[in-house]
Amino acid sequence: MSSQRSAIEAWRSAPRTALPVLRELVIHGPQSRTDLARRLGLSSGSLTRLTKPLVAAGLVVERDVRHDPVNGRPTRPLEVVADRLLFLGLKLTSDRVYAVLTTLRAEIVARESAPLTAPSPGEVVAEAGRLADRLTAAGGAPVAAGVTFGGDATAPALVEESELVDSGILGWQRVPIRRLLADRLGVPCFVKNDVAALADSYQWFGEARGVRDFALVTVGDGVGYALFTHGRAVRMTEADLGEFSHQILDPGGPMCPAGHRGCAASYVTTRSILMTAAQGMRRFPTYREVLRLAAAGDPVCREAVRQAAWALGVMIANVVNATTVKTVILAGEAVDVARVRRADLDAGLAARRRDVAGIDVAVRAHDFHDWARGAAVVAIRAHVADAA
Ligand SMILES: [Zn+2]
């Protein structure tokens, strides 16, 4: 505990001019002074001056000597001390809470999850508190927590006035979740939309590190979308996201629950994939079963998976055509369709985009704890930005 407190104190008292150095080391990991100076556009003299107090304060350490691959000179890479500060990430779904404890560099130290009988604010706070206690016992106490869920967690008017949030998925209206969780956990809490937080985590600690322009598309219970241009997240409203989810891909396609024929949601949500398979199977399968039967050559399940993968390809083409970003990350519960039927995704992409050269589609393996890590990154970014 006292080591954590002194680490926070050290962060708070770090010279402001040295904060870009800390931020760079948090995001990009250990690196030589030469690389660091080049990235930050500093002379080696300035860099040495900036890093000295950071090393003295124990925020940054020098690693063992290694030899520069270019000029062969000995160098001692600098590394931010990441494991003295821990962050809690909580991802809420309608039936489960996922929790992780991470270091300052978003490395997962411990993970837990627990079912919810109903996602009422009271039950969520109680369960999140129990998970936080277990993680603290396993890995240490966090200095801050991030919590994410599907819903508009960042509507400015709400946040500024009373911090009340809405979530259709959780059935919440005007819930002061940040304050409730901060009271229970005893640390500062930060609330964010789950897809936006996941995109933030990939920008700092994942596939999109160093990529200024990228999009994230998530598929599961619903369709999620986040877009970064020039290194910044484009702000989207619930209405914008609704339009993205229900863009028409094929006017002759299946029907979504909102009554659109052939919209994105009618193809790529878990429910849509199951509905398409159920029509041919005359019973309601599980998602895993559909994937397994499709892989085994079952024509009905294979067609349901093919359609979803094709639709994802079309959605990617639409994103690239409209925004010019060339890096698209796919994530979420239903993302396996893109892995098992990659050729169909490519066919959908090629159907709506002539020049597919240079388009990088990264399919992230599904794991709910990845979303909880995204929540922890909300707290990490707040910590680093706070210092900056
Ligand atoms: Zn629709």
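The values are calculated or read from the model by the stated rules, or taken from the named source; none is laboratory data. No experiment lies behind these values; they were computed from the predicted model shown. Because the Cβ atoms are built from the backbone with ideal geometry, glycine has one as well, and the counts that use them run over all protein chains shown. Protein only, heavy atoms only, side chains kept; ligands, DNA and RNA dropped before computing areas. Shrake-Rupley method; radii C 1.70, N 1.55, O 1.52, S 1.80 Å.
The GNM of the chain, with springs linking C-alpha atoms under 10 angstrom apart, assigns the highest mean-square fluctuation among 69, 119, 142 to 69. For the set 17, 117, 276, 237, the ranking by accessible area, highest first and with no ligand, DNA or RNA atoms included, is 117, 17, 237, 276 under a 1.4 Å probe. In plain terms, the chain from residue 55 to residue 288 could stretch by 78.9 nm, reckoned as 0.36 nm per residue minus the Cα-Cα distance.
Once C-alpha pairs closer than 8 Å and six or more residues apart are averaged by separation and normalised to the residue number of region 254-388, the relative contact order reads 20 percent. If you sort 275, 236, 315 by accessible surface, 1.4 Å probe, largest first, the order is 275, 236, 315. In this view, the solvent-accessible surface of residue 221, computed with a 1.4 Å probe and all protein chains in place, comes to about 120 Å². Contact order, relative form, for region 2-80: 34 percent (alpha carbon pairs under 8 Å, 6 or more residues apart, mean separation divided by residue count).
The angle between the Cα long axis of helix 342-352 and the main principal axis of the chain comes to about 80°, on a 0 to 90 degree scale. With r as the distance between the Cβ atoms of residue 255 and residue 352 and R0 = 25 Å, compute the FRET efficiency 1/(1 + (r/R0)^6) and round to 0.05. In this case the efficiency is close to 0.70. Between 0 and 90 degrees, the angle of helix 2-12 with respect to the longest Cα principal axis of the chain falls at about 90 degrees.
Each distinct pair of alpha carbons in the chain adds a 1/r term; the inverse of their mean, the Kirkwood radius, is 22.4 Å. Take every pair of alpha-carbon atoms less than 8 Å apart whose residues are at least six positions apart; their mean separation over the length of the chain yields a relative contact order of 16 percent.
Rounded to the nearest 10 square angstrom, residue 205 shows an accessible area of 20 square angstrom against a 1.4 Å probe. Counting protein heavy atoms only, the chain has 51 percent of its accessible area on carbon and sulfur, 1.4 angstrom probe.
Spin-label pair residue 365-residue 108: with each label point 7 Å from Cα along the Cα-Cβ axis, the two points sit 1.0 nm from one another. In straight-distance terms, cross-link reach from residue 192 covers every one of the lysines whose alpha-carbon lies under 30 Å from its own, apart from those fewer than eight places away in the same chain; here that gives 91, 326.
Normalised by residue number, the volume inside the convex hull of the Cα atoms of region 2-80 is 89 Å³ per residue.
Taking the C-alpha atoms only, the angle from helix 44-56 to the longest principal axis of the chain is near 90 degrees. For the residues 44, 167, a 1.4 Å probe over the protein chains yields an accessible-area ranking, largest first, of 44, 167. The residues neighbouring residue 201, those whose beta-carbon lies less than 14 Å from its own, together hold a net charge of +1 under the Lys/Arg +1, Asp/Glu -1 convention. Computed over the Cα atoms of region 210-363, the ratio of the radius of gyration to the Kirkwood radius (Rg/Rh) comes to 0.97. Counting only other residues whose beta carbon sits under 12 Å from that of residue 314, what net charge do I get with K and R as +1, D and E as -1? Neighbourhood net charge equals -1.
Simple point charges give the picture: +1 on the Cβ of Lys and Arg, -1 on the Cβ of Asp and Glu, and for the chain a dipole about the Cα centre of about 940 debye.
Spatially, region 311-337 and region 348-388 are offset by 11 Å when compared through their Cα centroids.
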